[in-house]
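The values are calculated or read from the model by the stated rules, or taken from the named source; none is laboratory data. Only a predicted model underlies this, so the values are computations on that prediction, with no experimental measurement involved. Cβ atoms come from the backbone with ideal geometry, glycine included; neighbour counts cover every protein chain shown. The protein model used for the area step is the full one, side chains on, heavy atoms only, and it has no ligands, DNA or RNA in it. Shrake-Rupley method; radii C 1.70, N 1.55, O 1.52, S 1.80 Å.
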Amino acid sequence: ITTDIKDSSVLAGIKGYDEVWNYDLSVTHGENELEYGVANSLNTSLGPDSQTSFDAGSLEYQTTVVNADASRLVDTGVFYSEMNFAMGAEYRHESYEITAGEESSYIQGTFGPGGAVSADGSLGAAGSQVFPGFTPESAGKNSRHNYSLYVDLEADVFEQWNVAVAGRFEDYSDFGSTFNWKLSNRVTVTDEFALRASVSTGFRAPSLQQQHFTAISTVFVDSVPVETGTFAPSSDVAQALGSPGLDAEESVNYSAGFTWSPSADF
């Protein structure tokens, strides 16, 4: 099995500070393509006319992210320190494509395992040996997009107690909307020792690869062709076998710890 991997990304942005706000605007695009090949092999079912190297297809993923952030200090007159106020918005578009290999990398020919049509009519394995190419049934392109908004507040409520609160709303074209939050505290016990703790919620939508990867090939069982492979969780085949499809992951996270700096060198 040979692979040719192409990976590229580009980022453009601008950030700065005016009289009140810090700002950061950016656009990022990245893509990765994995081309599969098979060398020093053959498609047994094509007999002596089989080629010995194959283009077995490719996988390609692309993502584009547009992000805008802004932050400033606000004197509320209530807390010990000024409050840091931050907000932002983000848009992300993703696509995932499976491209079929050349026909000879996956087709079923007429020759048997021994290189000729056998007496019992059995046929050689379909496709290039060691790695059959992606079939047209496996091929396809899928995409999704989502946007999010967030707000973050942080201040020293008292001289020795820092509190930060953040919230993020996100809406996926394939998994709906979600709201997640985080609360963290830092208590300065002495100049050298402090306690920290936080609690937050999390959300992760399954990737396009997890949702849509498909690799189907034909194998022969007692001379009967059988379709076998890895099927997308939401496909008709997977659902007929009992797959409920994929759902998003949700979590609640807790952390606690301390920081200790007994000297300037430690």
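Partner lysines whose Cα lies under 21 Å from the Cα of Lys6, excluding those fewer than 8 positions away in the same chain, are identified as Lys141. Measuring nothing but alpha carbons in region 163-251 and taking Rh as the Kirkwood radius, the Rg to Rh ratio lands at 1.32. Calculated on the Cα set of region 17-84, radius of gyration then Dmax: 28.1, 86 Å.
For region 239-249, the Karplus equation 6.51 cos²θ - 1.76 cosθ + 1.60, evaluated at θ = phi - 60°, returns couplings of 5, 5, 8, x, 5, x, x, 9, 10, 6, 8 Hz by residue, with Gly and Pro reported as x.
Quick check on region 92-189: take the gyration tensor over C-alpha atoms, sort the square-rooted eigenvalues as a ≥ b ≥ c, and tell me if it's rounded (a/c under 1.5), prolate or oblate.
Details: a/c = 6.66, a/b = 3.65, b/c = 1.82.
Note, shape of region 92-189 comes out prolate.
Over all other residues within a Cβ to Cβ distance under 14 Å of Ala264, the charged ones net out to -3, with Lys and Arg as +1 and Asp and Glu as -1. The charge dipole of the chain, taken about its Cα centre with unit charges on the Cβ atoms of Lys, Arg (+1), Asp and Glu (-1) only, comes to about 320 debye.
Between the listed residues Trp260, Tyr96, Ala197, the Cα displaced farthest toward the positive end of the dipole of the chain, a dipole computed from Cβ unit charges relative to the Cα centre, is found at Ala197.
Highest mean packing comes first when the peptides 57-69, 123-135 are listed by Cβ atoms within 10 Å, giving 123-135, 57-69.
With a bin width of 5 angstrom, please list the P(r) values of region 219-266 as percents of all Cα-Cα pairs, from the 0 bin to the one holding the largest distance. Over region 219-266, the share of Cα pairs per 5 Å bin runs 5, 13, 11, 8, 10, 8, 6, 6, 5, 6, 6, 7, 5, 3, 2, 1 percent. With only the Cα atoms considered, the chain has a convex hull volume of 199 Å³ per residue.
Send over the Kirkwood Rh of region 1-150, from the inverse of the averaged 1/r over different Cα pairs, rounded to one decimal Å. Walk me through the numbers on the way to the answer.
On the way: mean 1/r = 0.0508 Å⁻¹.
For region 1-150, the Kirkwood estimate is 19.7 Å.
Altogether, the Stokes-Einstein calculation at 4 °C and 1.567 mPa s, with the Kirkwood radius of region 1-54 over Cα pairs as Rh, returns a diffusion coefficient of 83 µm²/s. A simple packing score, the average count of other Cβ atoms within 10 Å per residue, orders the peptides 103-109, 189-195, 138-144 as 103-109, 138-144, 189-195, with the highest score first.
A straight line joining the Cα centroids of region 56-94 and region 193-266 runs 24 Å.
Ligands, DNA and RNA excluded, the heavy atoms of Phe266 present near 150 Å² of accessible surface to a 1.4 Å solvent probe.
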